[in-house]
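So the structure is just underneath, and the comments pick up after that.
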Amino acid sequence: MPSDKMSTLVASTAANFQIAPDVQAVSRISDHIRILKAARELERDQQMELLRALSRRTELAKSAVTSLSSPSKRNHTERMLALDREKFALAKTINELESAYHSSETTLARLNNDLEKLRSEDVLASESSAQQDSTILLLKVYRSLGVSLESDDIGGYSKAVVRSQESNDMHVLNMDKSYSNFFIANHLWSMM
């Protein structure tokens, strides 16, 4: 009868154990786990719905920005061609300006050389002009104005030949002693 003893022993041992509180605790834990699982699933569903809504808004914003910022291929090509034409026009203008600048520099250097020559000639001319009398200076002024005086072999002038710079005509004025200097000067000016 060992099996009777065994069953008595098991029964007495089982009677000494109080498992009801443990079963209740396990049942409470299972209920809490079930409640937490349901709450987490509900929160996960809410978060997923929020994520989907944000994803839709992001896609709409991306498409709006893309449609605003990226022109069509045709517009883009036309814009690139217009910019290329503008770039080449600017390059041509820059080259022309550089060429004009270099030409102006060359002209400036030449004019500076001419100015230096004239300054040195002016010094020489002023030295020699101090030695010349007023008659020679007066003749130079007349010649620079296009008036040539012909002498009359007695120290005076018999004719004045005037070259008009505007019409390229030549006029002759007979210098008579009866004319006043004022009349001669006005008449010479009118023929120029």
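Values in this text are rule-based calculations from the coordinates and carry no lab data. As the structure is a prediction and not an experimental result, all values here were calculated from the model. With ideal geometry, Cβ positions are generated from the backbone for all residues, glycine too; neighbour counts draw on all protein chains shown.
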Tally of residues being within 60 Å of the chain's Cα centre (by Cα) and not hydrophobic (A, V, I, L, M, F, W, C) across the stretch 157-186 | 9
Scan of the stretch 1-10 for residues that are surrounded by fewer than 10 Cβ atoms within 10 Å (Cβ to Cβ) and either part of a helix (DSSP H, G or I) or polar (S, T, N, Q) (or both), ordered by number | PRO2, SER3, ASP4, LYS5
Tell me which residues, restricted to the stretch 164-192, are free of Cβ contacts under 8 Å to residues at least 24 places away in the same chain and either in a helix (DSSP H, G or I) or of a type in the set (Gly, Ala, Ser) (or both).
-> SER167, SER178, SER180, ASN181, PHE182, PHE183, ALA185, ASN186, HIS187, TRP189, SER190
